[in-house]
Structure formats: C-alpha cells, structure tokens
Amino acid sequence: MSTIERADIQGFVLSGYAAMHEARYVFLEVADPAGARRWLGELASRVTTAIAPERVRCINVALTCRGLAALGLGEAQLSTFAPPFQEGMTTPYRRRVLGDVGPSAPDTWAWGGPSASGGTVPEDRVPEDRVPEDRVPEDRVHVLLLLFARDLDAMEPLLEAELSLATADGAFRHVHTLRPEPLPGRLSVGKFGVEHFGFADGMSQPVIRGSGQDGKLAGEEARRHVAATGEFVLGYPNGYGELTPSPWLPGPDGTKIDVGRNGTYLVVRQLKQDVHGFRELVRAHAGAAGSDPDAEARLAAKLVGRWYSGAPLARTPHRDDADLATDNAFGYAEVDPYGERCPIGAHIRRANPRDSIAPERARALELTNLHRILRRGRVYGPELPDDATDDDLVERGLIFMCISANLERQFEFVQQTWCNNPKFSNLYEEQDPLLGTPPPEGGLFTVQGSPIATRVRGLTNFVTVRGGAYFFLPGVRALLTLTTAT
Ligand code: HEM
C-alpha cells in the first residue's frame, strides 16, 4: 500500500476542520499575474497540510481553470487538466449533466455564472429581473482562498491579514466572500451538524485508504466505506487500481512535471434551500394521512432516507431511534431490496445506492464505491423558526463542497446518473426529492410499500443553485511549481 504524502496534501482533503468554527471562502480575481504568482508562492508556506491538525487557523487554496490561465498557463498546459475543470460548470452540456436549468440556471447565479460578454451560450435564457445585479461572473472567479479559524477572534485578523496580502500592490481583486454559519450550529443527538431542513448531516463519508482514519473503522463499516486513495488524491491508485490522469507541465528535455500529484478537484455549489416549501409539502401530505402524529416526520424521513436524528430507515423503518443516529454500516440489498423501508428514490439511496444496484451484493458495493464523493459542506444563513411562514427574506442553504479525483466519474455521475435521473432504478418521471428541478405542475416521489406504493405529488424546487465552480486543489509542491512555471 502506498504511503500518503501528507506533508504535500492540503489539509482540507483529509479534514473538514470541525474544530474550526468559523470559515470564510474568499474569491479572488487575478489583476497582476506576476504579483499573483508571487503571492501564491509565498502562500504555499502558510498552507495547512494534512500533517497535523491546526489548533487556531487553517489556510487552503484552490484555483479555477480561468485562474490558471490568468496566472499565465497556456492552452497546451491547461489541456492536461480534467475536461470538466477546463470547460467549467456553465456550458450547455454541463447544465444538462448537473440539471442546472430553470431557477437553477447559471445565468441567475450570484457567482460563477456566464460572463455578460458571452463565453457560453445559455440555452434557457432567464428573464432579466432574475439576474442579480452585482453577480460575479465565472471569468472573475480565479482563486478560492479557504480560511478557517477556531473562533471569530481568530478569524477576523486572519481574514484581514490574508486579504491585505492578496490585494497588496494590486495582485488580486477581492470579488466575493461566502460566510457559512459558525459551527457547531445545531447539533444532532449523534453530535453531527444539522442542515436547514432539520436533518443530521455528514455521517456517511468514504474514508481514504492510508489516511489513518481507515484504521478507525472495523468490520462491515470498513468494508463499505474505505475507498482507494486515488479516488480522492491524484497520484495514487484509484478504485480500478490505476492512476487517474494527472495534469502536467513540460519539463526540461521532454520530461513531464506532474502537477497533479497530491492534488485533487474541489466542487463548490451554493445551494439555496426553501425550508418553508419543504415543511409545507410534508405538512400537507401528512395532514392528508389523518391523525397519525408521526406522519410528518415519517414522510420527511422517506424523502431523505434517514430520520431527523440521522437514524437510517434501512435499519429503523417505523420510528426514529436516537441509538442508531450515526449508524452507517447498513446496506439495502438484504433488508430492503424493494424500497419498502428506505424508498428507492430517497436522497441518500440515490446519492449512494450502496449494495443495491447489481444482482450480487459484493459486486454492487464495489461498483457503487467507484462513485463516492467526500463532502465538505457547511450551512449558511440563519435557521428558519418553526412557525415562520416565509423564508424568502433571508437566504439560507448549504455551501456544498465535495472532493473527488475524477469529477466525471464521481461528482457528476452521482448528480446526473443517480440523483437527477428520472429513470433511476426503474423509477419513472421523478428525481432526487431534495435536489431535483420538478416541472411547473410539481414533482413526484414514490414511497414503495406493501401491498401498494403511494406517490407524493406537488414537490417543488426545494434546492436552487445560486453559484458554483470547479476548482483544482493542488499539492503544496505543485502550487509552487504552478507559480514559477509560467
Ligand atoms: C441542500 C442540498 C442538500 C441537502 C439538504 C442534503 C442533505 C443530506 C442529508 C441530510 C444526508 C444524510 C446524512 C449523511 O448520510 O451523511 C445526505 C447524505 C448524502 N448526500 Fe446530500 N444533501 C444535499 C445535497 C447533496 C448533493 C448536491 C449531493 C451530490 C451530488 C449530495 C450527496 C450526498 C451523499 C453522497 C450522501 C451520503 C449518502 C450515503 O452514503 O448514504 N447531497 N445529504
């Protein structure tokens, strides 16, 4: 087994920095390429690596393809990076792959959408009044500075210092900052964060082989969740036992300098949640079900695949059970092949069907594990009080981030082939109940049951995309190479 070069890997790959309660995601635009390269070169020595947990602050950095071009990389060099990264998130093809249509169309995004000057040609132009005036288009999103600090007292000086270094002498222009809610926020009984619809989140993550964290998992859980190093870090064997193509720069005498090693790709998507809409749907349908006091929580759990506490429906189909809140060692093939416990189309069963998508369990698990993502999201915006009737005044949602070495086979596959696919696993005309873009007359969701299945109607856009981009999160050595090679 290969040893992971932790000193060269950015810390965010191996950790979501849960002890860092404050985070700021700072978008920068290159103004002076030479100054920007100098700053990035100096930043390399301050970047938090995966060697040791930081106690007060962490700094990581990622770049878009346009950012690399703005630093001076030429077409030939950029062409060695992964195609989705090169093309960006807003091309007509990627809109289809990611389901970014209607209210989620990139033209409406606050950041990362197509530039006014054209760039990509949107297929479904949106009315002018839905386009935010102060939006930051993709051609201005070059560098993402990921800042984490233990608390606000540590964050404020860190943000000020890093911003002034980046913008000193006109190297960068600061274009946007995302500010997630401070952790710990709302915590579930299992001590995981709670997202805005009210569910515990983050219990199910793949674990990188050789990261040290794999040793902490045993038995069934290890078999299900330990993934090849190369699924998440370039330069190591992936789930096929092969090396995922790595970007490179030409070196002396026809050699290639591998700038992918110890790096990876980072997906960032700002996902606005319609919490009121979600609650309304659940209330309306549960109300129609009669006097059952648990009907609301049961329907909500059916949509997600876990109860509010986090307990998986596959384990406890009839009632929430706090003792199972962090359970992640379950499958579907044996206990629930037809979705009578956890519906086939529930969010977690689409996003990770585990052992259920091939006739043979072990093979199914192997295949599914070729499509895992490491989630690194944090919620933004205040909690919506229970009795609130409108949540359009303040935006709230999830700053969804995920890491994968192969954007197409991992993140995009999950989003397109599983979550957004109307025909997923013999379903018909429905999408992920949380993420889908339903038709104007409302979306559908099937709750399998015996003797008959029921269909929930009238699902609306519970999640709308407000911004997004693909980034490259380089290894530390590669960061230095990229800043000196141009
Ligand atoms: C606002 C949007 C979203 C919300 C509210 C949400 C909510 C949740 C919740 C409550 C869980 C269960 C907790 C856990 O298993 O860790 C979960 C799991 C998961 N979600 Fe999401 N999610 C969102 C977006 C996404 C997106 C965009 C993707 C990927 C395309 C995704 C992929 C996953 C995966 C892979 C799991 C783990 C499933 C498993 O291994 O069983 N989610 N999500």
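The values are calculated or read from the model by the stated rules, or taken from the named source; none is laboratory data. Model, not experiment: these values are computed from the prediction. Note that each Cβ is placed from the backbone with ideal geometry, even for glycine, and that neighbours are counted across all protein chains shown.
Within the stretch 393-408, being surrounded by fewer than 18 Cβ atoms within 10 Å (Cβ to Cβ) and touching a residue at least 12 places away in the same chain (Cβ under 8 Å) holds for Val394, Glu395, Glu408.
The residues listed here are Gly239, Gly251; of these, the one that is closer than 16 Å to Arg477 by Cα and among the small types (Gly, Ala, Ser) is Gly251. Among the criteria (1) in contact with a Cys (Cβ under 6 Å, 6 or more places away or on another chain); (2) within 25 Å of Leu299 (Cβ to Cβ); (3) aliphatic (A, V, I, L, M), the one Ile373 does not fulfil is (2).
Could you go through the stretch 164-178 and let me know if any residue there is polar (S, T, N, Q) and part of a loop (DSSP other than H, G, I, E, B). No, that holds for no residue.
The residue pairs whose first member lies in the stretch 180-203 and is free of Cβ contacts under 8 Å to residues at least 60 places away in the same chain and of a type outside the set (A, V, I, L, M), whose second member is more than 7 Å from the ligand (Cβ to nearest atom) and in a loop (DSSP other than H, G, I, E, B), and whose beta carbons are closer than 7 Å, counting only pairs six or more residues apart or on different chains, do not exist in this structure. For the stretch 221-248, filtered to residues that are touching a helix residue (DSSP H, G or I) at 6+ places or on another chain (Cβ under 9 Å) and among the acidic types (Asp, Glu), the residue that is nearest to Arg375 (Cα to Cα) is Glu231.
Every condition in (1) modelled with pLDDT of 95 or more; (2) more than 25 Å from the chain's Cα centre (by Cα); (3) of a type in the set (Gly, Ala, Ser); (4) over 30 Å from Glu408 (Cα atoms) is met by Ala333 except one, and the failing one is (4).
If the condition is being assigned to a helix (DSSP H, G or I) and either surrounded by fewer than 20 Cβ atoms within 10 Å (Cβ to Cβ) or on the phi > 0 side of the Ramachandran plot (or both), then the stretch 38-68 contributes Arg38, Gly41, Glu42. Filtered by the rule that a residue be closer than 26 Å to Leu480 by Cα and surrounded by fewer than 21 Cβ atoms within 10 Å (Cβ to Cβ), the stretch 212-248 gives Pro237, Leu243, Pro245, Ser246, Trp248.
Residue check: Arg135 meets all listed conditions (1) at pLDDT 95 or above; (2) under 25 Å from Glu160 (Cα atoms) but one, namely (1). For the stretch 198-219, which positions are under 16 Å from Ala329 (Cα atoms), within 14 Å of the ligand (Cβ to nearest atom) and not in a loop (DSSP other than H, G, I, E, B)? Correct list: Val207 only. Taking the stretch 82-108 as the search range and keeping residues that are part of a loop (DSSP other than H, G, I, E, B) and under 17 Å from Asp139 (Cβ atoms), which one is nearest to the chain's Cα centre (by Cα)? If we take residues in the stretch 82-108 being part of a loop (DSSP other than H, G, I, E, B) and under 17 Å from Asp139 (Cβ atoms), then Met89 is nearest to the chain's Cα centre (by Cα). Of the residues Phe471, Phe424, Phe413, Phe445, the single one that is crowded, with 19+ Cβ neighbours inside 10 Å, at pLDDT 95 or above and under 18 Å from the mean Cα position of the chain (by Cα) is Phe471.
Residues considered: Leu243, Leu249, Leu281, Leu271. Of these, the only one that is among the aliphatic types (A, V, I, L, M), touching a residue at least 60 places away in the same chain (Cβ under 8 Å) and farther than 30 Å from Leu299 by Cα is Leu249.
If you filter the stretch 220-251 down to residues that are in a loop (DSSP other than H, G, I, E, B) and of a type in the set (S, T, N, Q), you find that the one that is nearest to the ligand (Cβ to nearest atom) is Asn238. Are any of the residues in the stretch 17-32 assigned to a helix (DSSP H, G or I) and within 22 Å of the chain's Cα centre (by Cα)? Checked the stretch 17-32: no residue is assigned to a helix (DSSP H, G or I) and within 22 Å of the chain's Cα centre (by Cα).
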